[in-house]
Amino acid sequence: MKITILELENVSHSYDKEMVLKKVSFSIEEASFFVLLGLNGAGKSTIFSLLTRLLNLQSGSIKINGYMIQNYSKALKDIGIVFQEPTLDLDLTVRQNLYYYGALKGLSFKETIASIKDELTNLDLDEKLDTKVQKLNGGHRRRVEIVRSLINKPKLLLLDEATVGLDLKSRFDILDYLRRKVQKGEISVLWITHLFDEVQESDSLAIIHKGEILATGTAESIIAEYKQADLTQTFRYVTRENPDA
């Protein structure tokens, strides 16, 4: 029986008097690739901010690996985070950026590199360790952020619009890499996006719209449930919105 690695139950949130999340519930099992799909303004970033404790939980409950989110020292120790906005120090080398983050996790320089040795090779970064980040292209910078988030081998990886602004090859290289890690049972992934072409039929999926979860299941099962031709048509059907507009 698979363990539930992330669980949101009846999570609501408002800014002043504007309700932006309305009793949001979904869960992610271990070794799952889970996509939270919605248009800009749907509430995706608010969920990400709650999960990373940038916002305090107002209503409902969030558990990470069985720990309530309020117990942040235990709940957050098993997660890796990739923010939408770049967070690398451009004036430092790749190695220095990784060393600094590893130190925050209580690891020595040697332990830091050892914990991500395979990731550096698989993402073609092992020969760029001594390159300043400012000299890397956007795709390689994002790879560094992903590798950095995997230091200390977290059980859950949270990524907020991680491929925005990248070329098509870079986007799908990153997705393929993370799906392979999931398939090997190494990690669970919450992939937050508005890009429909990033969703595979086998992915676990939640469609969020105007702060509400409208459908959950595998992408394939949701498409079949609503008897639509593809995910875009299904999204239009359940939200009454045109994602291409």
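The values are calculated or read from the model by the stated rules, or taken from the named source; none is laboratory data. Please read all numbers here as calculations on a predicted model, not as lab measurements. Don't worry about glycine lacking a Cβ; one is built from the backbone with ideal geometry, like all the others, and counts go over all protein chains shown.
Odds and ends about this structure:
- Residue check, Ile5 out of contact with any Phe, Trp or Tyr (no Cβ under 9 Å at 6 or more places or on another chain), outside any strand (DSSP E or B), in contact (Cβ under 8 Å) with a residue 12 or more places away in the chain and buried (at least 21 other Cβ atoms within 10 Å of the Cβ): no
- Within the range 205-230, the only residue that satisfies the criterion of being touching a residue at least 60 places away in the same chain (Cβ under 8 Å) and farther than 27 Å from Ser14 by Cα is Ala219.
- Pair list, Cβ under 8 Å, 6 or more apart: the range 142-159 residue within 16 Å of Phe33 (Cα to Cα), other residue part of a loop (DSSP other than H, G, I, E, B) and of a type in the set (S, T, N, Q): Lys155/Asn65; Leu156/Asn65; Leu158/Thr52
Residues checked against (1) aliphatic (A, V, I, L, M); (2) at pLDDT 95 or above; (3) within 20 Å of Leu6 (Cα to Cα):
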{"site": "Gly38", "(1), (2), (3)": "no, yes, yes"}
{"site": "Ser49", "(1), (2), (3)": "no, yes, yes"}
{"site": "Gln58", "(1), (2), (3)": "no, yes, yes"}
{"site": "Ile62", "(1), (2), (3)": "yes, yes, yes"}
{"site": "Tyr67", "(1), (2), (3)": "no, no, yes"}
{"site": "Asn71", "(1), (2), (3)": "no, no, yes"}
{"site": "Lys74", "(1), (2), (3)": "no, no, yes"}
{"site": "Glu85", "(1), (2), (3)": "no, no, no"}
{"site": "Thr93", "(1), (2), (3)": "no, yes, no"}
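- Top-ranked residue of the range 45-80 - restricted to ones that are hydroxyl-bearing (Ser, Thr, Tyr) and within 16 Å of the chain's Cα centre (by Cα), ranked as surrounded by the most Cβ atoms within 10 Å (Cβ to Cβ): Thr46
- Checked against the criteria, Lys117 counts as more than 23 Å from Gly43 (Cβ to Cβ), over 18 Å from the mean Cα position of the chain (by Cα) and free of Cβ contacts under 8 Å to residues at least 12 places away in the same chain.
- Test: residue in the range 180-191 that is among the aliphatic types (A, V, I, L, M), in contact with a Ser or Thr (Cβ under 6 Å, 6 or more places away or on another chain) and buried (at least 21 other Cβ atoms within 10 Å of the Cβ): no
- Against the list (1) over 27 Å from Val238 (Cβ atoms); (2) without any contact (Cβ under 8 Å) to a residue 60 or more places away in the chain; (3) not charged (D, E, K, R), the condition Ile62 fails is (1).
- Residues of the range 111-138 that turn out to be assigned to a loop (DSSP other than H, G, I, E, B), crowded, with 18+ Cβ neighbours inside 10 Å and of a type in the set (A, V, I, L, M), as a count: 4
- Residues in the range 139-164 that are surrounded by fewer than 20 Cβ atoms within 10 Å (Cβ to Cβ), closer than 21 Å to Glu186 by Cα and out of contact with any strand residue (DSSP E or B) (no Cβ under 7 Å at 6 or more places or on another chain): Asn152, Lys153.
- Residue check: Lys22 meets all listed conditions (1) buried (at least 21 other Cβ atoms within 10 Å of the Cβ); (2) farther than 30 Å from Leu120 by Cβ but one, namely (1).
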